[in-house]
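> Let me give you the structure first, and then I'll get to my questions.
The values are calculated or read from the model by the stated rules, or taken from the named source; none is laboratory data. Note that this is a predicted model, so its numbers are computed, not measured. All Cβ positions, even for glycine, are placed from backbone atoms using ideal geometry, and neighbour counts span all protein chains on display.
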Amino acid sequence: MTSAIELVNVSKIYRRYSGRQFATLKSALLKRSLLRELRPNEAFVALKDVSFTVPKGSTVGLIGRNGSGKSTALKLVAGITKPSAGTVKVTGRISALIELGAGFHPEISGRENVFINGIMLGLSKREVEERFDDIVNFAELREFIDAPVKTYSSGMYMRLGFAVAIHVDPDVLLVDEVLAVGDESFTHKCLDKFGELHRRGKTVLIVTHALGLVERLCDDAVWLDGGEKQLEGDPKRVIGAYLTSVEESEKQQLAATTTKAIQSAAPHVPAGDMFQATEGRWGSREIEITDVQLVGADGQPSFVFHSGDAVSIRFHARALKTTTDFVFGVSVFNADGVCCFGTNTDIESMASERIDGDAQVTFAVDRLDLVEGTYKLDVAAHRRDGTPYDYHRQLYTFRVKSRTHDVGIFRPAHRWTFSPNVRFK
Amino acid sequence: MFANLGTLLRYRGLIQSLVARELKARYRGSVLGFVWSFVNPLLLLSVYSFVFTTVMRNDNAQTRPYAVFMFCGLLPWTWFAASLTESASSLISGGNLIKKVLFPAEVLPIVSVLSNMVHFVLGLIILAGFMIGFRHLPNPAALVWFPVVVAVQLIFTLGLALALSALSVHFRDIRDLLANVLTLWFFATPIIYPYFMPTVERFLWLFRLNPFYHLAVSYQETLFFGQFGHARSLLLLGALSIVLFLAAYWLFDRLRDSFAEVV
């Protein structure tokens, strides 16, 4: 199998000319530093020693976080920028959908722009003529094709740009997140077109955050992170690994948020409604709550859980003196500040008897049946009449992930059943 | 570098259609449309003629009819100055193309120069009209040199345009500086005054250092005075222009990779 795109040990260093921000030609000449000033003084490594090959006729997805070097890699493949080290080899005619309609001139008509854009992308005038009708039909712009492009809506603009680029009939098509634009039906049309290119043995390299698309469309996936290749291969496996790593960094982020929230928690008492969402911590501290943790099924503290996981809320309580009147409570809020669930020992008819010294409290949930989203947690100890000992309001943030993007708050365990005459693919 | 220079020929079609687009787009939306290509130089000429034949009367018998004389130098100057001004900002305003499309950047300054050349050629039609109107026709023997003069100016302008466009990506000040330099340059060149004025002759060595001096003199001699005696200087300038063009292209090529990052 021959390769259509081949990157061998490619690095890309972006030079930053930060020190020269206010330098002028005059001062550069005066200081005789013209050439020196054209030299970089700071380097940013966008890609580090990346190698991968895209076999001819395959569709490959490039995934990774923002700033991971995906777009840089695509620009290198397109030849728009040159690698600082290593080699990029591309066989066949390239068309890059990096920005649709990048070369359009607003004042002239769509027709003229199609011609110029086509020529820019490497077609001859005759080739554009041959494809002109297909382009216009694909873009669904027949009646507007003679109007100046500046009168087009952004959707029309994108459609025309896409139509031209895809009709260049490239051997290698590079796509950078352009499917995010356009309405549902146009997106479908684009996907169909990708499918058609695939069948005709063309090579497609897609940069996208739409992981579902990669899973559906791509033969292979490459995951970049921090400019380095992390994994390459079967899309399912690569996406899985990528998602795990995203979770890991989310955990760290949430841990940082939580630490900050606890440190800066202001000792103020909420005015009015207890269910109003304001962060904070207050109370007499006769019973003090510390070390609040969310613990997953594996017994490890975490901040990210999957819908349906077993989760425990664990915390430490210290009673300064033996106390008989106490209630422990927890509640969960979603990002909109809606209380999803709240309970305490009093509500659940547990009459307090005594607490003294250090204690450990665990609130175990067998199934965390919440939909995907970010949630905040309240933990509190107070008297039965509500006088707070230590009230932690929304200091703890955790995230629930789900493969299904169902809506609402509560995701009960469920199943569908159908009579035999209802079928799904 | 020479490989890149070769691919430039492949982009003929692109350059051609971009020049056409430039010309089409420029007057799109105006009432007179393409007529402006004629009206613009005409208005410019009227202003200058009014100033120098009425306000500041010029009594040199050799430069009569003055309007025709001045037009011979003004037309190429306008081409030159507009080309440089436009190409200095061509890469910056065409940043989208350089960053997002695989696009030979040198096409942009070249298009600036060529589209202004089209305006120059259209201006020549007006000049011809004036010559007929004033019954001051050029001498065919001198006129054969005219295409050579245009060719030299084209190469000279292309060289400067390439260098300026590449440098102004890194030094945006060039665009502002350029406007002032061009004003000075205009007055330092015998365009509104004849090259045989006593003051010019006194500082002739200084004037001869000005490349556009040779172009202006050549234009005036071939088109107006009907006697071309500047061939040697012109051909020397032509040779230097080729060197300038190659040097500028080399510079452009060196800086090429930084465009997509800095623009």
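> Of everything in the stretch A:384-425, what is surrounded by 11 or more Cβ atoms within 10 Å (Cβ to Cβ), hydrophobic (A, V, I, L, M, F, W, C) and assigned to a loop (DSSP other than H, G, I, E, B)? Give them in sequence order.
The answer is A:I409, and nothing else.
> Among the helices (runs of 4 or more DSSP H) lying completely within the stretch B:1-65, list those that include at least 2 residues that are away from chain A (no Cβ under 14 Å) and out of contact with any helix residue (DSSP H, G or I) (no Cβ under 8 Å at 6 or more places or on another chain). Talk me through it step by step, then tell me what you get.
Values: elements: B:2-10, B:12-26, B:36-50.
Hits in the stretch B:1-65: B:2-10, B:36-50.
> Which of the residues spanning the stretch A:58-97 are under 19 Å from the mean Cα position of the chain (by Cα), closer than 26 Å to A:L160 by Cβ and within 14 Å of another protein chain (Cβ to nearest Cβ)? Even if it seems obvious, please write down each step before you answer.
Quick first cut of the stretch A:58-97, residues under 19 Å from the mean Cα position of the chain (by Cα) only: A:60-74.
Filter once more, keeping what is closer than 26 Å to A:L160 by Cβ: A:61-62, A:70-71, A:74.
Those that are under 19 Å from the mean Cα position of the chain (by Cα), closer than 26 Å to A:L160 by Cβ and within 14 Å of another protein chain (Cβ to nearest Cβ): A:S71, A:L74.
> Taking into account only those residues within the stretch B:173-187 that are at pLDDT below 90 and surrounded by 14 or more Cβ atoms within 10 Å (Cβ to Cβ), which is farthest from B:L74 (Cα to Cα)? Before you say what the answer is, go through the steps one by one.
Narrowing the stretch B:173-187 to residues at pLDDT below 90: B:173-176.
If we keep only those that are surrounded by 14 or more Cβ atoms within 10 Å (Cβ to Cβ) as well, we get B:173-175.
Working: B:D173: 26, B:I174: 24, B:R175: 22 Å.
Out of the qualifying residues, it is B:D173.
> Does the stretch B:108-117 contain at least one residue that is within 14 Å of chain A (Cβ to nearest Cβ) and not small (G, A, S)?
Yes; the residues of the stretch B:108-117 include at least one that is within 14 Å of chain A (Cβ to nearest Cβ) and not small (G, A, S).
> Pairs, please: C-beta under 8 Å, at least 6 apart or cross-chain, first residue free of Cβ contacts under 8 Å to residues at least 24 places away in the same chain and in the stretch B:195-208, second small (G, A, S)?
Correct list of pairs: B:F207/B:A188.
> Now for a separate question. Among helices (runs of 4 or more DSSP H) lying entirely in the stretch A:130-244, which contain 2 or more residues that are small (G, A, S), modelled with pLDDT of 90 or more and within 23 Å of the chain's Cα centre (by Cα)? Give the steps one after another, and end with the answer.
Details: elements: A:154-166, A:184-199, A:211-217.
Passing ranges: none, list empty.
> Please specify each residue of the stretch B:89-123 satisfying the condition of being of a type in the set (G, A, S) and part of a helix (DSSP H, G or I). It would help to see each step written out before you state the result.
Our first condition is that a residue be of a type in the set (G, A, S); within the stretch B:89-123, this holds for B:89-90, B:93-95, B:105, B:112, B:115, B:123.
Hits for the stretch B:89-123 are B:S90, B:S93, B:G95, B:S112, B:S115, B:G123.
> Go through the stretch A:98-120 and give me each residue that's more than 7 Å from chain B (Cβ to nearest Cβ) and either modelled with pLDDT of 80 or more or part of a helix (DSSP H, G or I) (or both).
Pass one, the stretch A:98-120, residues more than 7 Å from chain B (Cβ to nearest Cβ): A:100-101, A:104, A:106, A:109-111, A:113-114, A:117-118.
Answer for the stretch A:98-120, where residues must be more than 7 Å from chain B (Cβ to nearest Cβ) and either modelled with pLDDT of 80 or more or part of a helix (DSSP H, G or I) (or both): A:F104, A:P106, A:S109, A:G110, A:R111, A:N113, A:V114, A:N117, A:G118.
> In the stretch B:245-262, how many residues are more than 9 Å from every other protein chain (Cβ to nearest Cβ), buried (at least 19 other Cβ atoms within 10 Å of the Cβ) and of a type outside the set (G, A, S)?
So the count comes out to 4.
> Output the qualifying pairs, or none if there are none: Cβ atoms under 7 angstrom, residues six or more apart or on different chains, first residue in the stretch A:410-424 and under 30 Å from A:V365 (Cβ atoms) and outside the structural domain of A:V332 (by TED's automatic domain parsing), second residue of a type in the set (D, E, K, R) and assigned to a loop (DSSP other than H, G, I, E, B).
A:F410/A:D369; A:R411/A:D369; A:P412/A:D369; A:A413/A:R367; A:A413/A:D369
> Criterion first (within 19 Å of B:W250 (Cβ to Cβ) and within 14 Å of another protein chain (Cβ to nearest Cβ)) does B:L162 satisfy it? So that I can check it myself, show each step before the final result.
Details: within 19 Å of B:W250 (Cβ to Cβ): yes; within 14 Å of another protein chain (Cβ to nearest Cβ): no.
It is false that B:L162 is within 19 Å of B:W250 (Cβ to Cβ) and within 14 Å of another protein chain (Cβ to nearest Cβ).
> For the list (1) of a type outside the set (K, R); (2) touching a Lys or Arg at 6+ places or on another chain (Cβ under 8 Å); (3) under 30 Å from B:L8 (Cα atoms), I need the number of the one condition that A:L141 fails.
So the condition that A:L141 fails would be (3).
> Going by the conditions given, is B:P140 surrounded by fewer than 21 Cβ atoms within 10 Å (Cβ to Cβ) and at pLDDT 90 or above?
no
> May I pose another question? Would it be correct to say that B:S241 is without any contact (Cβ under 8 Å) to a residue 40 or more places away in the chain, surrounded by 15 or more Cβ atoms within 10 Å (Cβ to Cβ) and either in a helix (DSSP H, G or I) or hydroxyl-bearing (S, T, Y) (or both)?
Values: without any contact (Cβ under 8 Å) to a residue 40 or more places away in the chain: no; surrounded by 15 or more Cβ atoms within 10 Å (Cβ to Cβ): yes; either in a helix (DSSP H, G or I) or hydroxyl-bearing (S, T, Y) (or both): yes.
Against the criterion (without any contact (Cβ under 8 Å) to a residue 40 or more places away in the chain, surrounded by 15 or more Cβ atoms within 10 Å (Cβ to Cβ) and either in a helix (DSSP H, G or I) or hydroxyl-bearing (S, T, Y) (or both)), B:S241 does not qualify.
> Another question about this same structure. Of B:T222, B:T199, which residue is crowded, with 23+ Cβ neighbours inside 10 Å and more than 14 Å from chain A (Cβ to nearest Cβ)? It would help to see each step written out before you state the result.
Working: B:T199 fails: crowded, with 23+ Cβ neighbours inside 10 Å.
On inspection, the qualifying residue turns out to be B:T222.
> Give all pairs with beta carbons closer than 8 Å in which a residue from the stretch A:386-408 that is more than 17 Å from A:V304 (Cβ to Cβ) and of a type in the set (S, T, N, Q) meets a residue that is at pLDDT 85 or above and in a strand (DSSP E or B); count only pairs at least 6 apart in sequence or on separate chains.
A:Q394/A:F333; A:Q394/A:K376; A:Q394/A:L377; A:Q394/A:D378
> Check A:V60 against each of (1) out of contact with any Phe, Trp or Tyr (no Cβ under 6 Å at 6 or more places or on another chain); (2) buried (at least 22 other Cβ atoms within 10 Å of the Cβ); (3) assigned to a loop (DSSP other than H, G, I, E, B); (4) in contact (Cβ under 8 Å) with a residue 24 or more places away in the chain and name the one condition it does not meet.
Every condition holds for A:V60 apart from (3).
> Let me ask something else. Those residues that are assigned to a loop (DSSP other than H, G, I, E, B) and either within 11 Å of another protein chain (Cβ to nearest Cβ) or within 17 Å of the chain's Cα centre (by Cα) (or both), I need them from the stretch B:165-195; list them, please. Write out each step before concluding.
From the stretch B:165-195, those assigned to a loop (DSSP other than H, G, I, E, B) are B:171-172, B:188-195; that's our starting set.
If the condition is that a residue be assigned to a loop (DSSP other than H, G, I, E, B) and either within 11 Å of another protein chain (Cβ to nearest Cβ) or within 17 Å of the chain's Cα centre (by Cα) (or both), then B:F171, B:R172, B:A188, B:T189, B:P190, B:I191, B:I192 are the ones that fit.
> If you check B:L162, B:L184, B:L178, which single one turns out to be aliphatic (A, V, I, L, M), farther than 20 Å from B:L124 by Cα and without any contact (Cβ under 8 Å) to a residue 40 or more places away in the chain? Please lay out each step first, then the result.
On the way: B:L162 fails: without any contact (Cβ under 8 Å) to a residue 40 or more places away in the chain; B:L178 fails: without any contact (Cβ under 8 Å) to a residue 40 or more places away in the chain.
Result: B:L184 is the single residue among B:L162, B:L184, B:L178 that is aliphatic (A, V, I, L, M), farther than 20 Å from B:L124 by Cα and without any contact (Cβ under 8 Å) to a residue 40 or more places away in the chain.
> Within the stretch A:346-372, how many residues are at pLDDT 90 or above and within 28 Å of A:R399 (Cβ to Cβ)?
Counting residues in the stretch A:346-372 that are at pLDDT 90 or above and within 28 Å of A:R399 (Cβ to Cβ) gives 14.
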